[in-house]
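Read the structure below first, then the notes.
What follows is calculated from the coordinates using simple rules that are stated; it is not laboratory data. All values reported here derive from a predicted model rather than from experimental measurement. Because the Cβ atoms are built from the backbone with ideal geometry, glycine has one as well, and the counts that use them run over all protein chains shown.
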Protein chains: 2
Amino acid sequence: MRTHYCSDLSKDNVEEIVRVCGWVNSYRDHGGVIFIDLRDKSGIVQLVCDPADNKKAYELANIVRNEYVLKASGKVRLRGEGLTNSKLKTGEIEIVVDELNIENSSKALPFMIGDKNVGEETRLKYRFLDLRNSESFEKFQMRSKAAIACRNTLDKLGFIEVETPMLTRATPEGARDYLVPSRVYPGEFYALPQSPQLFKQLLMCSGFDKYFQIAKCFRDEDLRADRQPEFTQIDIEMSFNTQDDVIKVGEEVLKDIFKVCGYEISTPFPRMAYKDAMENYGSDKPDLRFDMPLVDVSEIFERSNNEIFSSIAKDKKKNRVKAIKVENGDNIFSKREMKGFEDFVRKFGANGLAFFQVKEDGLKGPLIKFFDEKDLDEIIKKCDLKIGDVVFFGAGKKKTVLDYMGRFRLFLAEKLNLIDENKMEFLWVVDFPMFEENDDGSYSAMHHPFTMPNNIDDDIEDITSIAYDVVLNGVELGGGSIRIHKSDIQQKVFQKLSIDEDEQKEKFGFLLDALSFGAPPHGGIAIGFDRLIMLTTKSSSIRDVIAFPKTQRASCPLTKAPSRANDEQLKELGLRIRNLEKRG
Amino acid sequence: MRTHYCSDLSKDNVEEIVRVCGWVNSYRDHGGVIFIDLRDKSGIVQLVCDPADNKKAYELANIVRNEYVLKASGKVRLRGEGLTNSKLKTGEIEIVVDELNIENSSKALPFMIGDKNVGEETRLKYRFLDLRNSESFEKFQMRSKAAIACRNTLDKLGFIEVETPMLTRATPEGARDYLVPSRVYPGEFYALPQSPQLFKQLLMCSGFDKYFQIAKCFRDEDLRADRQPEFTQIDIEMSFNTQDDVIKVGEEVLKDIFKVCGYEISTPFPRMAYKDAMENYGSDKPDLRFDMPLVDVSEIFERSNNEIFSSIAKDKKKNRVKAIKVENGDNIFSKREMKGFEDFVRKFGANGLAFFQVKEDGLKGPLIKFFDEKDLDEIIKKCDLKIGDVVFFGAGKKKTVLDYMGRFRLFLAEKLNLIDENKMEFLWVVDFPMFEENDDGSYSAMHHPFTMPNNIDDDIEDITSIAYDVVLNGVELGGGSIRIHKSDIQQKVFQKLSIDEDEQKEKFGFLLDALSFGAPPHGGIAIGFDRLIMLTTKSSSIRDVIAFPKTQRASCPLTKAPSRANDEQLKELGLRIRNLEKRG
């Protein structure tokens, strides 16, 4: 229907007869001539409907309103002297309309196209209007380009994309499953997959060697700004490889994706041991766009005269005393503000937040009386303090202190505007513990139970695993591991997780079977695609990069209120469930 | 872990130290030296473990069994004179093993790798072994390459891939939905999408202009050899376009997909009106790898002296008399065989199957007595009969006759071996009726209710639509249409389908809304990807191109028996359903 997209026209087309299609972005009658800004996905071009040129076109133009859909043809001409619009790509030209077709009309809009000051409920109800603007289109265009770049890179590296099923057996992966009652097998149900993990491991057992998939996954969890119940991940698995091989593939994929998104990122990314990330940044996904590390001052505090501090500091296995320095903080923050920071860390379990100001005549603060001169100097040295700095201290249980001091570090960085929004700071976090203790004293797998441990026969607290996370600007983009490929090791892991033999057989029999018939060494990674695109498009919500998102309060009509069942569906669903219950 | 894939090694690598990984395909001890055929996805290479070269490797090789997983390094050498294996790509060389690692062992297999004479139940139970052969791998590799080619072509043409949701609102699309009870909205449920149809139309309303997706779709229907409850389709939609534009895009995509699958196909494909396909081939998806059309002989039969035939032939609106000629059939089939063909067509509603043999002295057969000489000549002329030919006749209700004569045509072609399995005969079937009558006298949309009619105000039987199917070798690969973009036309179509205003509002309110706010003219196509790959890989079942398929009798452990619910899940599911029922 068209010869050009609106924004493809320029001075080069002057005198050409062209035909364009699009929406009326705006219109105005100026001295008996109607000017229409016509918009398509490429941008805007100006139509001129002058009764002197074509009476019929002018008359039609007269009834045109915003968001009417037009097809217009005519000759391109230069705008007159002083009439060019430098804000518009096509601002030097206009189309003298010779033929105009109104392809569709539009009712008055519930909100202006591109208006951001509209409640989310309304925007989602009219999602087709909410998306009708170039900023949204460009995000989805980038998402598409990124997925294609990812696929082409992996294809080039010898990976093949295999589609794994959506209607699967429920396997315990931590989150709640979406369940689909079966009609063919009354009394049973399918689960929607939380990840293709076990399928890709089976494909490795099939000798497929290098698998990938941009896969839809599901978790029936409550919604958040950065979480949707259905999400997309780049899922990769390969055989006969080491952690370094997987990391290299991950870096190549990310590099090429970021390239089509307009970022040159350099590889290899730095690596940091889990332990160092926790100790120095209080997080397993440190934001390295700024430094400001936590400094361990346990040894100094152990020597203090304050019994509480010294007893905390003494138990270096269970507790931590961490310091964080704010350069020039004493000149930036008032004393009152600094005291107020305590409210922030208390929310995350802190009992308090001590701080020292560095004055011309030395450290100042209520706690200094507990330290002798040498140890105060030691603090200055260890924390690299200069006059005007402030240093904050957190003391208590290791897990709690690392957590709130890590959060406090981010809080300060935001307050001090330390974060360069244009930086892309990648990091591999490696050498994860295999297990973590639950509140009830039992253990869970830190990554998942299929991760290869380094030393399965050691004390459970000391067992590490060949697992790795990729972090960007403090966001966990993805994670992976080398998997267990031997059934005896897999069984030992299940034992540590208190899964007895019967349960192993029932839930994971097929996996133990697969590992017994020549499973190759293998490993892989999964990268959250929605989150990735959220970062490359600098979106504030994951909902900006999902065409039809869900929210707790509102949703698009087609995804929102799931439907009410009609009688027949109801009867069948009820039957399915009653069968489920009966055999229970 | 490896320097080369097994099959990448050749004479060019002689004297190189290489390292390969893979599975023991076979092994033999030959005069105190162990020869192992090691297999990976690329193929096979021979390892030689000679105690004279390396004692430790030889000892390990001694305990190796079929499907053990090995890593082996050593020097490549030429095999001795007369020892080359021309059947093997690497048959000229072998690796003298210097270091051998057993990466994993294998229990004795339930069946030999690649063995086709194994029951489907066993093969699916051990799907990871069933897929462990190069033929399977190559099918999935082709599937992956085809998907990438499809995406790159559409990207090049300016389309963007947008992911539409899996948890959606139920919309009536003909088949039964899979239902997912909602936890967040008690008493309601999601449906898994039967296609992204309405989502892609909304994206057109957003001005996205050119959309595609390789999308997972779901239908809760009984399984067949060529049907799975979850399937994949190439889904395309574009704005401001005509049927010709969509057809051109479809052809470009198919051409590029077939190219990576090893077929050069030529475009444009021929087109045939729905009416001609039905009249001449008794099918809306004619197999054109052979000709053998149905010939209409109603006018001649109308003049016959047989009252039954003449009265059938007289009503040209309701009935048909069709002939099909078999060249040289009188010399190929015995009279008894020809009589026996009646049994075939009776299965599809025929009352009988008359035939004439063409002998030296003219037509022979019990029916000739009803025709005068001129009409017998007319039959010979119209059907282009020669001595030795046979011509069969079907008479009765139009729908029934076209159906069974179309099937009979395929039956004969198979019997006569007329089908060249290497041919790829594409066809567009166009100009479909908009509606078709149901048995109860109501009407359904032949494509779907969103298809643009040409003449909505005409008699319902006469309304045609801008719809098109693409057919390959008698298989419907896909179909599409120009959609309705005006709400008044959409409402008229709903009325013809007896959907009253309340129901329209409840079920399709969001669509009618979207069409009222400047919906552009748009249309698209959906192509069945599983079926496409089934054809390009010459597979006999769709299950051969799906990694983890489902069957009625058996399935892979991970997709098979959907799980039984545990108590907590049960309670929750039951609660969800009871809530559904209560508000009913």
Discussion item. Placing unit charges on C-beta atoms (Lys and Arg positive, Asp and Glu negative, everything else neutral), compute the dipole magnitude of the protein assembly as shown about its Cα centre in debye, rounded to 20.
Written reply: 1180 debye
Discussion item. Tell me the angle of helix B:373-383 to the major Cα principal axis of chain B, expressed in degrees between 0 and 90 and rounded to the nearest ten.
Written reply: 30 degrees
Discussion item. Which residue, A:Gly394, A:Tyr58, A:Gly349, has the largest displacement toward the positive end of the dipole of the protein assembly as shown when charges sit on each Cβ (Lys, Arg +1; Asp, Glu -1)?
Written reply: A:Gly349
Item to complete: Would you kindly work out, in nm and rounded to one decimal, the distances from the label point of A:Asp276 to those of the same position in each other copy, ordered shortest first, with label points 7 Å along Cα-to-Cβ?
Response: 7.3
Fill in: Copy-to-copy label separations for A:Glu15, where each label sits 7 Å from Cα toward Cβ, in nm and ascending
7.0
Worksheet item: Rounded to the nearest 5, what is the percent of antiparallel bridges among the DSSP beta bridges in chain B?
Response: 95 percent
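Rounded to two decimals, what is the ratio between the C-alpha radius of gyration of the range A:290-419 and 2.2 N^0.38 Å?
Details: Rg = 13.6 Å, N = 130, 2.2 N^0.38 = 14.0 Å.
It is 0.97.
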Discussion item. Measuring nothing but label to label, 7 Å from Cα along Cα→Cβ, what are B:Ile387's distances to the other copies in nm, shortest first?
Written reply: 12.5
Worksheet item: What value does the protein assembly as shown have for Rg/Rh, both radii from Cα atoms and Rh as Kirkwood defines it?
Response: 1.03
Practice prompt. Determine the sum of side-chain charges near B:Arg320: Lys and Arg each +1, Asp and Glu each -1, restricted to other residues whose C-beta is under 11 angstrom from that of B:Arg320.
Written response: +3
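Any idea what the dipole of chain A comes to, in debye rounded to 20, about its Cα centre with Lys/Arg Cβ at +1 and Asp/Glu Cβ at -1?
Values: 87 positive and 97 negative charges, 325 e Å.
With Lys and Arg at +1 and Asp and Glu at -1, about 1560 debye.
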Discussion item. Around A:Gln201, under 11 Å between beta carbons, what's the net of Lys plus Arg minus Asp minus Glu among the other residues?
Written reply: +1
Worksheet item: Taking a quarter of the surface of the Cα convex hull of the range A:170-299, what do you get in nm²?
Response: 13.1 nm²
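Roughly what % antiparallel, to the nearest 5, for the DSSP beta bridges in the protein assembly as shown?
Details: 188 of 202 bridges.
The answer is about 95 percent antiparallel.
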Discussion item. Let me spell out the model: positive unit charges on the Cβ of Lys and Arg, negative unit charges on the Cβ of Asp and Glu, origin at the Cα centre of the range A:6-104. What dipole size does that give, in debye rounded to 20?
Written reply: 220 debye
Response to the item:
Counting Lys and Arg as +1 and Asp and Glu as -1 over every other residue whose Cβ sits under 14 Å from the Cβ of A:Lys55, the net charge comes to -4
Worksheet item: Given just the C-alpha atoms of the range A:6-104, how large is their convex hull per residue in cubic angstrom?
Response: 89 Å³
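Given the DSSP H assignment, sum -39500 (n - 2.57) over each helix run of at least 4 residues in chain A and divide by its residue total; what's the result at 222 nm in deg cm²/dmol, nearest 500? Could the numbers behind the result be given before it?
Working: 17 runs with 185 residues, N = 584.
Theoretical 222 nm ellipticity from helices: -9500 deg cm²/dmol.
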Item to complete: Among the listed pairs A:Lys316/A:Lys538; A:Lys116/A:Lys347; A:Lys248/A:Lys317; B:Lys145/B:Lys486; A:Lys41/A:Lys107, give every one whose C-alpha distance is greater than 29 Å.
Response: A:Lys316/A:Lys538; A:Lys116/A:Lys347; A:Lys248/A:Lys317; B:Lys145/B:Lys486
Worksheet item: Against the longest principal axis of chain B, how steep is helix B:501-516, in degrees 0 to 90 to the nearest 10, with axes from Cα atoms?
Response: 70 degrees
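Is the shape of chain A rounded, prolate or oblate, going by the alpha carbon gyration tensor and its root eigenvalues a ≥ b ≥ c, with a/c under 1.5 for rounded and a/b larger than b/c for prolate?
oblate
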